[in-house]
Amino acid sequence: MHLDPLAILTAFGLIFLAELPDKTMFASLAMGTRMRPLYVWFGTSSAFIVHVAIAVGAGSLIGLLPDWIVKLVSASLFAFGAFMLLRSGGGDDDEDGGTKTVTGFWPVYSTAFMAVFISEWGDLTQITTANLAASDGTWSTAIGSAAALMSVSALALLAGRFIAKRVPLKTVQRIGGLCMLGLAIWTLVEIFTG
């Protein structure tokens, strides 16, 4: 196993910048306001690691998946997340202790894992990782890409926690729900325009 520090930094830089404005970052931010951020991070990071492994191991197979199916499943997951956030952020009767926060490691982990795992299929970062692996080496690319994806997720979760401490939870949930709904609509539009 040969590690090239320049290839690691190249993969990290490209993937980090590509993932920053990505829908997965916003989904992580929204999940982090409703669920335990560390558990969300474990779930998103695990999904990212699986995607990096798939991209570097079999990047050419990504193109064989029907794009519209991947986007339809992704839109459905975003719509479900929007429904859950908007439903819980609706009433005024449970300001202090009544808002239901998803707790427990496995429910949070599996929710975060599946949201990222399904929505990242064929994503720009996965395709970029596959291309980098072909030219810069598998292990170096895998390390740089995984570190970048996990860093963006951590950044989104920290921002989510910061916002949640300064803005009422109901407001954050409504905004997060609207963002998730927007992502669902955006993904559906991509099916018909792409």
**Request:** Would you be able to say whether some residue in region 50-57 is surrounded by 17 or more Cβ atoms within 10 Å (Cβ to Cβ) and either modelled with pLDDT under 75 or not in a helix (DSSP H, G or I) (or both)?
**Result:** no
Scanning region 142-194 for residues that are closer than 19 Å to residue 109 by Cβ and open to solvent by 70 Å² or more (accessible area, probe 1.4 Å), the one farthest from the chain's Cα centre (by Cα) turns out to be 161
For region 130-145, pairs from a residue that is in contact (Cβ under 8 Å) with a residue 40 or more places away in the chain to a residue that is assigned to a helix (DSSP H, G or I) and open to solvent by 60 Å² or more (accessible area, probe 1.4 Å), with Cβ under 6 Å and 6 or more apart or across chains, are 144/12
The number of residues in region 24-43 that are modelled with pLDDT under 90, of a type in the set (Ser, Thr, Tyr) and within 15 Å of residue 150 (Cβ to Cβ) is 2
Here the residues within region 138-162 that are touching a Leu at 6+ places or on another chain (Cβ under 8 Å) and among the β-branched types (Val, Ile, Thr) are 141, 143, 152
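The values are calculated or read from the model by the stated rules, or taken from the named source; none is laboratory data. Remember, it's a predicted structure, so these values are computed and weren't measured experimentally. Virtual Cβ from ideal backbone geometry, glycine too; neighbours counted across all protein chains shown. Heavy atoms of the whole protein, side chains included, go into the accessibility calculation; ligands, DNA and RNA do not. Shrake-Rupley method; radii C 1.70, N 1.55, O 1.52, S 1.80 Å.
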